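Working notes, structure below.
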Amino acid sequence: MAYDTDDIIEKRRRRHRQHTFRNILIFLLLACFCVFLYLQRDAWIPKLEGIGSRYETVTQNDGELAEGNFPLTISNASGYQAAIVSDTLFLLHDAYLDVYSIHGDAEDSRQHAFQNASMCAADGKYVLVYEREGSSFRVDTKSKNVYSKTVDEDIISGVISSSGSVALITESSSYACSIVVYDNTGKRIYQRDCTERVIDIAFHDDDEGCYFTMIDAESGVIQSTVHSILFEQVDIQWTGLPLETLVVKSGVTSDNTLCIIGNSACAYYNSGGALLSSYTYTGTLVSASVENGKAALLIADDQQREISLILMNGFANDPTIVSVDMSASYLTVTDGDAIVMSDDNITSYSFSGTAIATVALDGSYDSFLKQDGYVLLLGYNQIDRVDFKE
C-alpha cells in the first residue's frame, strides 16, 4: 500500500498547528484568569487571610488581677495622668508626681505647685510636666527632677523628645501663638512666632529640628499644613501641601518620615516634605496611635453601628481594615502591634490584621499602658495590673 508523503506531512503540520493553538489558548485563558484574580485581590485576599486566621492560635491570658502592691489607689483622682518611661510608672495627680516600679513599689513622690498640670512622655527616660494656661514646666527622670523653668507666656501644650528636648506652644500678645524649644539642660535654643494656630509638634529623629502643624479655614473647611524647621536656621525648611483635616496626633520614624493623623485623614511625608501617601476616612475618630510609622485608628460608623480598626504599616494607601467590637474605645501602638480596649477585653493585633493575644476584663477602665508582659489598667481612682503574654 502506497502512502502520499505530502499528505502525511500536511496532516502532521495540521496537528502541530492545532496543538500550538490549543497551548496558546490555554495560556491566554490562564493569563486572563490571573489578571482577573489580581484585579479582584481586595475581595478574595482578605477571605483567604480570614480562613487562615481561624487556625492561628490567639494567646488567651487569664485576666487575673495582680495582688501585692496592686491595685494602686489614687486619692482625689479627678484627672490623674499616667505614663511609663524607663520601665517606671509616673503618676501625676493633685500636687504630686509619684514614681512607681512596674510592680507597684513606691519609689519617689515629688511635689509640684501647678494648678492645671499636664504630663507628656516619649520613648527614652524623660517626662515633661507643664502648667496649662500657666507659665511653669519641669523635666523629670525616674531618679530626679532635672530642671524646672518658667516661660514668658501661658503654655497651651508641650512635647518632649526621647533625648529630653522640650517644645512648648505658648500664647503670644502679638501673634496667634509661639513655639519655644529647650534642650535637655533647660537652655532655650529656639523661638518662633506664628501667624496661625499651631496644634501639633513632633521632633525630628535627630532632635535638630521639628515638624509643626498649623490650622486655618479655607471657605469654611479646616486645613492643616505641616512645616519643618531646623533650630539652627531662621527660615522654614519646607512646607507641605495642606490637608483638609484637623490633625490630632503625629509621629516620626528613624528616617524622619512624618505620619500625621487627623479627624478625617491620615498622611505620610518624607524628610523633604513630599506627600508619600494619604488615606481619607468617614465616621468618627474614636482613638488613634502611631509608633515608628505604624499608625492605628478606631473609626466609628454610626449609621452601620460598627467600629473599624484601620492599620497603616508605614504608608496610608490600601490600609488593613478589621471589624472590632462596638464598645472599642481606646488603642495604642506599642512594640509593633496595635492593642485595642473594649468593655470586656483587650486584644492585640499584628499589622496584617491578625489577632495575636487577648485578655478578658472584669471591671470598668478608661485606658491602659503596656510594658513588657504586663498591662496596667487605668480606672477612675485605681490602677490594676494583668499579665499580657503574646
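The values are calculated or read from the model by the stated rules, or taken from the named source; none is laboratory data. Only a predicted model underlies this, so the values are computations on that prediction, with no experimental measurement involved. A quick note on method: Cβ atoms are made from the backbone with ideal geometry, for glycine too, and the neighbour counts reach across all protein chains shown. Heavy atoms of the whole protein, side chains included, go into the accessibility calculation; ligands, DNA and RNA do not. Shrake-Rupley method; radii C 1.70, N 1.55, O 1.52, S 1.80 Å.
Things worth noting here:
- In the stretch 242-256, the residues that are open to solvent by 80 Å² or more (accessible area, probe 1.4 Å) and farther than 15 Å from Leu276 by Cβ: Glu244, Ser254
- Test: residue in the stretch 304-315 that is closer than 20 Å to Gln60 by Cα and hydrophobic (A, V, I, L, M, F, W, C): no
- All positions within the stretch 293-316 that are within 8 Å of the chain's Cα centre (by Cα) and part of a loop (DSSP other than H, G, I, E, B): Gly293
- Put simply, of Thr88, Thr73 the only residue that is open to solvent by 20 Å² or more (accessible area, probe 1.4 Å) and β-branched (Val, Ile, Thr) is Thr73.
- Qualifying strands (runs of 3 or more DSSP E) (wholly inside the stretch 109-210; at least 1 residues being farther than 30 Å from Leu72 by Cα): 145-150, 155-160, 166-170, 177-182, 188-194, 197-203
Here is a yes/no grid of residues against (1) within 21 Å of Thr257 (Cα to Cα); (2) buried (at least 16 other Cβ atoms within 10 Å of the Cβ):
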residue: Ala167; (1), (2): yes, yes
residue: Thr185; (1), (2): no, no
residue: Ile189; (1), (2): no, no
residue: Ile199; (1), (2): yes, yes
residue: Glu208; (1), (2): yes, no
residue: Phe212; (1), (2): yes, yes
residue: Gly220; (1), (2): no, no
residue: Gln223; (1), (2): yes, yes
residue: Leu230; (1), (2): yes, no
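- Breaking point among (1) surrounded by fewer than 16 Cβ atoms within 10 Å (Cβ to Cβ); (2) modelled with pLDDT under 95, for Thr239: (2)
- Taken over the stretch 301-331, residues that are of a type in the set (A, V, I, L, M), closer than 19 Å to Thr358 by Cβ and open to solvent by less than 80 Å² (accessible area, probe 1.4 Å) amount to 7.
- Inclusion of Gly293 among residues that are touching an Asp or Glu at 6+ places or on another chain (Cβ under 6 Å), within 30 Å of Asn270 (Cβ to Cβ) and modelled with pLDDT under 95 is not warranted.
- Filtering Asp193, Asp206, Asp200 for residues that are at pLDDT below 95 and out of contact with any Gly (no Cβ under 9 Å at 6 or more places or on another chain) leaves a single hit, Asp206.
- For His93, the stated conditions hold: it is open to solvent by 20 Å² or more (accessible area, probe 1.4 Å) and touching a Phe, Trp or Tyr at 6+ places or on another chain (Cβ under 6 Å).
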